[in-house]
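Student: If you scroll down you'll find the structure; I have some questions about it.
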Amino acid sequence: MENLKAKAFELRKDVVKMIMEGKAGHIGGDMSVMEILVELYFRQMNITPETVESPDRDLFVMSKGHCVEALYAVLAARGFLDIEEIIKTYSKFGSQYIGHPNNKIPGIEMNSGSLGHGLPVAVGMALAGKMSNKDYRVYTVMGDGEVAEGSVWEGAMSGSMYKLDNLCAVIDRNRLQISGSTEDVMAHRDLVAKWTDFGWHAISVDGNDLDELHRAFEEAKTVKGKPTIIIANTIKGYGSPVMEDKANWHHKVPTAEEAEQIFRDFDSKKEAALNE
Ligand SMILES: Cc1ncc(C[n+]2csc(CCOP(=O)(O)OP(=O)(O)O)c2C)c(N)n1
Ligand SMILES: [Mg+2]
C-alpha cells in the first residue's frame with residue numbers, strides 16, 4: 001500500500017511549486033488541510049475519474065475554497081487532473097486553474113471561496129441523498145475562521161434537524177485566520193461542546209495525523225441519526241518551521257531561499273514517514 005504520510009509531503013511540494021510559478025496562493029491553509037484531503041480522496045470517498053458523473057458518487061465541497069491548491073494537488077494525484085499543467089498555468093491569465101474551486105473542473109462539485117456557503121450546500125446535498133434513497137456520503141471542509149459566518153450555524157441546525165447521518169463536516173482548526181488568532185477575532189471557545197449542543201456527533205483529532213483522521217472518518221460512518229463534525233486540530237503552514245503557525249503565511253509566495261528550506265523540510269519529513 002502507498003505510504004500516505006509520505007504522499008502528503010510530496011503533494012505539499014506540488015502546492016509550493018504551483019504557488020511559486022503562479023506567484024499567488026493561500027499556502028498556510030493548504031499545508032494545514034493536506035492530510036484531511038489525502039484521507040478523504042485516498043481512503044474515504046467513493047469517487048474516481050471514471051465515476052465523476054455517477055449519481056451514486058460521494059460528494060465533496062471545499063468550503064475553505066481559498067485553499068484550492070491543495071485540492072488540485074490531491075485531485076491530480078488521484079488521476080482527475082494533470083499536475084504538470086496545473087503547475088505551469090496555475091493563477092495565470094486564461095488558465096482554468098484559478099485561485100478558487102470551479103465546478104467546470106473534473107472532480108470539483110461546487111464553486112466556492114466565498115466563505116460560509118459550503119456547509120449549507122452540503123446539507124442540501126445530503127438531504128437530497130436521503131430523499132432519493134441514495135447511499136452516497138457528503139463531506140465538506142471549513143476553515144476555523146470561516147466558522148464565524150452565521151450561515152455555518154444555520155447549516156449546523158438544519159444538519160441535525162434532518163438527521164443527516166450521511167453528512168460529515170470537518171473544521172480545519174489551525175487557530176489562525178487572515179488577520180491573526182481566531183480567538184482574538186471571534187473566539188470559538190469549546191467547539192466540541194458547541195457542535196454537540198447543535199445535535200452533531202463531534203470528534204476532536206490531530207488533523208495532521210492520518211491515523212487519527214482515518215479513525216474519525218470511520219467512526220463517522222457508524223453514527224446513526226445525526227451528522228458528524230470532525231474538529232481537526234492542525235498547524236497552519238504544517239511541514240516546515242519557515243511557515244508553521246505564522247499568520248503572515250496565510251497568503252504568501254516564498255522567496256527562492258525560503259522555498260529551498262521548505263523543500264528540504266518536506267523531504268526530511270517524507271523520509272521519516274518512509275522509515276517509520
Ligand atoms: C465571505 C468571505 N469573507 C472574506 C473572505 C476573505 N478571506 C479569505 S481566506 C480568509 C480567512 C479564512 O480563515 P480560515 O477560515 O481560518 O482559513 P485557513 O486558516 O484554513 O486558511 C478570509 C477572511 C472570503 N473568502 N469570504
Ligand atoms: Mg484557520
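Values quoted throughout were computed directly from the atomic coordinates according to the rules given, and no laboratory measurement underlies them. Model, not experiment: these values are computed from the prediction. No Cβ is skipped: glycine too gets one built from the backbone with ideal geometry, and neighbour counts run over all protein chains shown.
Student: What ranking of Met20, Met157, Met142, Met125 emerges when the number of other C-beta atoms within 10 Å of each C-beta is taken as an exposure proxy, fewest first? It would help to have the intermediate numbers written out before the result.
Tutor: Details: Met20 19, Met157 12, Met142 26, Met125 22.
By the 10 Å Cβ count, ascending: Met157, Met20, Met125, Met142.
Student: What angle do you read, to the nearest 10 degrees and between 0 and 90, between the alpha-carbon axis of helix 210-222 and the longest principal axis of the chain?
Tutor: Roughly 20 degrees between the two axes.
Student: Now for a different question. Which of Thr51, Thr140, Thr89 has the fewest other C-beta atoms within 10 Å, and how do the rest follow up to the most? Display every interim value, and only then the final one.
Tutor: Numbers: Thr51 12, Thr140 28, Thr89 17.
Taking fewest neighbouring Cβ atoms as first place, the list is Thr51, Thr89, Thr140.
Student: Would you mind giving the three semi-axes, in whole Å and largest first, of the ellipsoid equivalent to the chain according to its Cα gyration tensor? Don't skip to the answer; put the middle values down first.
Tutor: Details: eigenvalues 157, 87, 65 Å².
Here the semi-axes work out to 28, 21, 18 Å.
Student: Also: With angles folded into 0 to 90 degrees, how steeply does helix 4-22 sit against the dominant principal axis of the chain? Use alpha carbons for both and round to 10.
Tutor: 60 degrees
Student: What is the Cα centroid distance between the range 30-56 and the range 185-206, reported in whole angstrom?
Tutor: 24 Å
Student: Tell me which lysines have Cα within less than 29 Å of Lys224's Cα, excluding those fewer than 8 residues away on the same chain?
Tutor: Candidates past the 8-residue exclusion: Lys64, Lys130, Lys134, Lys163, Lys194.
Student: Looking at the range 1-68, which trypsin sites (Lys or Arg not before Pro) are DSSP coil and have at most 15 other C-beta atoms within 10 Å of their C-beta? Walk me through the numbers on the way to the answer.
Tutor: On the way: sites: Lys5, Lys7, Arg12, Lys13, Lys17, Lys23, Arg43, Arg57, Lys64; in loops: Lys23, Arg57, Lys64.
When the trypsin sites (Lys or Arg not before Pro) of the range 1-68 are filtered for loop state and at most 15 Cβ neighbours within 10 Å, Lys23 remain.
Student: Please work out the C-alpha center-to-center distance from the range 74-95 to the range 119-179 and express it in whole Å.
Tutor: With the range 74-95 and the range 119-179 each reduced to a Cα centre, they are spaced 27 Å.
Student: Of the chymotrypsin sites (Phe, Trp or Tyr not before Pro) in the range 52-130, which ones lie in a loop per DSSP and count no more than 16 other C-beta atoms within 10 Å? Don't skip to the answer; put the middle values down first.
Tutor: Numbers: sites: Phe60, Tyr72, Phe80, Tyr90, Phe93, Tyr97; in loops: Phe80, Tyr90, Phe93, Tyr97.
In loop regions of the range 52-130 (DSSP not H, G, I, E or B), the sparsely surrounded chymotrypsin sites (Phe, Trp or Tyr not before Pro) are Phe93.
Student: Here is a further query. Between rounded, prolate and oblate, where does the range 32-161 land on the alpha carbon gyration tensor, with a ≥ b ≥ c its root eigenvalues, rounded for a/c under 1.5, else prolate if a/b exceeds b/c?
Tutor: Oblate shape, in that a/c is at least 1.5 and b/c is the bigger or equal ratio.
Student: At 0.36 nm per residue, and after removing the present C-alpha to C-alpha distance, how many nm does the segment from Arg189 to Asn103 gain when stretched out fully?
Tutor: 27.5 nm
Student: For the chain, what does -39500 (n - 2.57) per DSSP helix run (n ≥ 4), summed and divided by total residues, give at 222 nm, in deg cm²/dmol to the nearest 500? Mind showing how you got there, number by number?
Tutor: Numbers: 10 runs with 119 residues, N = 276.
So the calculated ellipticity at 222 nm is -13500 deg cm²/dmol.
Student: Would you work out which of Cys168, Val74, Asn3 lies farthest towards the positive end of the dipole of the chain? Charges go on Cβ: Lys and Arg +1, Asp and Glu -1.
Tutor: The listed residue farthest towards the positive side: Cys168.
Student: Which shape class, rounded, prolate or oblate, goes with the range 169-237 when its Cα gyration tensor gives a ≥ b ≥ c as root eigenvalues, a/c under 1.5 marks rounded, and past that a/b bigger than b/c marks prolate? Don't skip to the answer; put the middle values down first.
Tutor: Details: a/c = 3.24, a/b = 1.42, b/c = 2.28.
Oblate shape, in that a/c is at least 1.5 and b/c is the bigger or equal ratio.
Student: Quick check: pseudo-label points 7 Å beyond the Cα along Cα→Cβ at Glu154 and Val253, how many nm apart are they?
Tutor: It works out to 3.8 nm between the two label points.
Student: Okay, moving on. Using a Förster distance of 22 Å, how high is the FRET efficiency between Asp245 and Asp267, based on the Cβ-Cβ distance and rounded to 0.05? Mind dumping the intermediate values first?
Tutor: Details: r = 21 Å, r/R0 = 0.95.
Between Asp245 and Asp267 the formula returns 0.60.
Student: Also: Just how large is the dipole of the range 146-195 about the Cα centre, in debye to the nearest 20, putting +1 at every Lys and Arg Cβ and -1 at every Asp and Glu Cβ? Kindly include the intermediate steps, with their values, before the conclusion.
Tutor: Numbers: 5 positive and 8 negative charges, 30 e Å.
Value, rounded to 20: 140 debye.
Student: Which shape class, rounded, prolate or oblate, goes with the range 1-109 when its Cα gyration tensor gives a ≥ b ≥ c as root eigenvalues, a/c under 1.5 marks rounded, and past that a/b bigger than b/c marks prolate? Numbers along the way, then the final one.
Tutor: Details: a/c = 1.68, a/b = 1.22, b/c = 1.37.
Oblate.
Student: Then there is this: In debye to the nearest 20, how big a dipole does the chain give about its Cα centre with +1 on each Lys and Arg Cβ and -1 on each Asp and Glu Cβ? The partial results should precede the final answer.
Tutor: Details: 31 positive and 42 negative charges, 116 e Å.
Taking the Cα centre of the chain as origin, the dipole is about 560 debye.
Student: Using the charge dipole of the chain (Lys, Arg: +1 at Cβ; Asp, Glu: -1 at Cβ; taken about the Cα centre), state which of Tyr41, Gln261, Ser54 has its Cα farthest towards the positive end.
Tutor: With unit charges placed on the Cβ atoms, the residue in question is Ser54.
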